[in-house]
Amino acid sequence: MEDKKQLQDQDLSYVWHPFTQMEEQKRWGSKIIVEGKGCKLKDIDGKEYIDAMGGLFTTAVGHGCREIIESMKEQGEKLEFMSLFDFFTNEPAIKLSRKLAEVTPGNLQYVHFGCSGSDVVEIALKIARQYQKRKGFPNRYKIIARRNSFHGVSMGALSANGVTEFREAFEPLVPGFRHIPAANCYHCPFGRKYPDCDIDCAKALEQQIIFEGPETVAAFIAEPVPAAGGVIDPPPEYFPKIRQICDKFGVLLIADEILDGFGKVGTLFACELYSIVPDILLMGKAISSGYFPLSAVIVKPEIYQAFLGSTSKEAFLHGQTYQGHPVGCAAGLKNIEIIERENLVRNAREIGEYLEEKLKTLLDLKIVANITGKGLLRSIELRDKRGEQISHSKGVKIREKAYELGLICRFQINSLIMSPPLIITKQEVDQIVDILRKTLVEAEKSYF
C-alpha cells in the first residue's frame, strides 16, 4: 500500500469531496479507510472504529458481507450489464421489482430504478407532474415540501430541499416549489405544545394547498422521519392527517424513504410507523446496503396506468443508462434476503430502544439539548452555553474528537447523527455511548 502521507496528498490534489469546504479538509487531513467488517472500519494505520453511521445511512447488513459480494460476483460473471431500454430487461431487475412490491406497504407495485437518491426524487417529481396532466389537470405542477428537509442535490430535488444553506448558492431553482413548516414537537414552529396543539403542522399543508389553489398542486413530498437537522420523528397523528389532506385535494403523497427505509427506524419502512400508504415511495441507500449505487421509485397501479397509451407521448419519457443494473439488483435482492432471514428489523427495533435508553443518560450534560429519533436512527441535539445551536466549527471539532476516540458519527446543522448497521449489538452500543460521553464531556469543558 502507498505511503499514508502520499495518499493524503493525492486525495487533496485530485478528489473534490462532497458537501466539504476543501480548505477545512486540508486543515483536518483526509481520513483513509481501507477495510470494513460488520460494524467496524479500519483506517490505513490499522486503527479500528465503530461505524455508527453505517457508511452514510447505507450499510444495513454490515461491512464485508460475503453473501452480497458473492451474489454480485456470480451475476457479473453471468451478465455484467444489460439496459432496460428498447424492450430489454434482465432477471435480477425483474425479481427485485417483484420483491419490492411484496415488502413495501399497501398496493405499491410498479418500480422505476435509479442510481442515487437524487435520481429517484427527480423521477418522482416528474411522475407527479405528468400524472396530473394525464388525469386532465394541466395546471397541477406545484410541489409542496417542508422546511429543514433534504431531498437531494440535482436541480429538481434541490428545489424541494428545505435547507437554505444547501439551496442559496444555486438559485434561481426550478419554479413551482413551496415549503411549509416541518413537524417538530421539540421546537414547534407554531409555538404550541403536543398534544394540545391540534397538529397545526399538518393543517399547514391544507392551508398552503388552499392558498396556492388546489387546482395547481401536484404533490407533497416528505421524509417520514427526517434527519437533515436532527432526527425528528413527527407526532403519530401527523401523517394520517397528511394522507387525508392529500386525498381531499387530489394531491399525490410522495414518501421519501431514501434514508429511512430498510429497517433502521424499527420497521422495514417508516410509513409503517404511521400506518399510511403513500402514492409514491422512494428508496435508496440501504436498498443495497451500499454495495452498489442503487435506488428505486415504486408507485400505485393507478399512477402507472395513467401513462399507458398508444404512443410515446403518453409514456413516461425518463431513463438512465444504468437503471436496473443486473449486478446492483442482485445485490439488492441478497440484501433484502439477509434482512428478512436474520430478523434484522426486529434487531434494529430492540437494539434501537436500548440505544435510546443509553443515549438519554447523556442528558445530564449541559451541552446535550435533546435525544431524538426512531429505532437505530438517532440524533443528539447540541447547544452552546447560551442555549443556542452549536456552531458548525465546534460541531466538526466534536465529530473529529469522537473519531479520534474510535467512533464515526456525523454532525448535521446542530446535531450528532448516527445510523449504525442493523446487526449492531448491545456491547457495541455501550462502546458508542462511552465514546460519546468522553467526547461531550471534553466539549462541555471547552464550550461552557
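The values are calculated or read from the model by the stated rules, or taken from the named source; none is laboratory data. Given the structure is predicted, the values throughout are model-derived calculations rather than measurements. Cβ placement follows ideal geometry from the backbone for every residue including glycine, while neighbour counts extend to all protein chains displayed.
Can you run down the residue pairs with Cβ atoms below 7 Å, 6 or more apart or on separate chains, where the first is in segment 162-188 and over 22 Å from residue 224 (Cα atoms) and the partner is crowded, with 17+ Cβ neighbours inside 10 Å and aliphatic (A, V, I, L, M)?
As it stands, the answer is 170/158; 173/158; 176/143, since those pairs meet every condition given.
When the residues of segment 257-278 are narrowed to those that are charged (D, E, K, R) and either in contact with a Ser or Thr (Cβ under 6 Å, 6 or more places away or on another chain) or closer than 15 Å to residue 54 by Cβ (or both), which ends up surrounded by the most Cβ atoms within 10 Å (Cβ to Cβ)?
So the residue we want is 264.
Go through segment 153-202 residue by residue and tally those that are closer than 16 Å to residue 239 by Cβ and polar (S, T, N, Q).
Total meeting the criteria: 1.
Could you check segment 83-187 for helices (runs of 4 or more DSSP H) lying wholly inside it with 3 or more residues that are buried (at least 19 other Cβ atoms within 10 Å of the Cβ) and modelled with pLDDT of 95 or more?
Once the helices (runs of 4 or more DSSP H) in segment 83-187 are filtered for at least 3 residues that are buried (at least 19 other Cβ atoms within 10 Å of the Cβ) and modelled with pLDDT of 95 or more, what remains is 91-103, 117-134, 155-160.
Given the condition within 30 Å of residue 243 (Cβ to Cβ), surrounded by fewer than 18 Cβ atoms within 10 Å (Cβ to Cβ) and under 25 Å from the mean Cα position of the chain (by Cα), answer yes or no: does some residue in segment 279-297 qualify?
Checked against the condition, which is being within 30 Å of residue 243 (Cβ to Cβ), surrounded by fewer than 18 Cβ atoms within 10 Å (Cβ to Cβ) and under 25 Å from the mean Cα position of the chain (by Cα), segment 279-297 yields no hits at all.
Test of understanding: among 254, 221, which residue is outside any loop (DSSP other than H, G, I, E, B), modelled with pLDDT of 95 or more, surrounded by 24 or more Cβ atoms within 10 Å (Cβ to Cβ) and in contact with a His (Cβ under 8 Å, 6 or more places away or on another chain)?
Testing whether each residue is outside any loop (DSSP other than H, G, I, E, B), modelled with pLDDT of 95 or more, surrounded by 24 or more Cβ atoms within 10 Å (Cβ to Cβ) and in contact with a His (Cβ under 8 Å, 6 or more places away or on another chain) leaves just 221.
Rundown of residues vs (1) at negative phi; (2) in contact with a Pro (Cβ under 9 Å, 6 or more places away or on another chain), yes/no style:
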| residue | (1), (2) |
| --- | --- |
| 5 | yes, no |
| 17 | yes, no |
| 39 | yes, yes |
| 46 | no, no |
| 57 | no, no |
| 60 | yes, yes |
| 70 | yes, no |
| 77 | yes, no |
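Confirm whether residue 334 is of a type in the set (Lys, Arg) and either closer than 23 Å to residue 217 by Cβ or more than 21 Å from the chain's Cα centre (by Cα) (or both).
no
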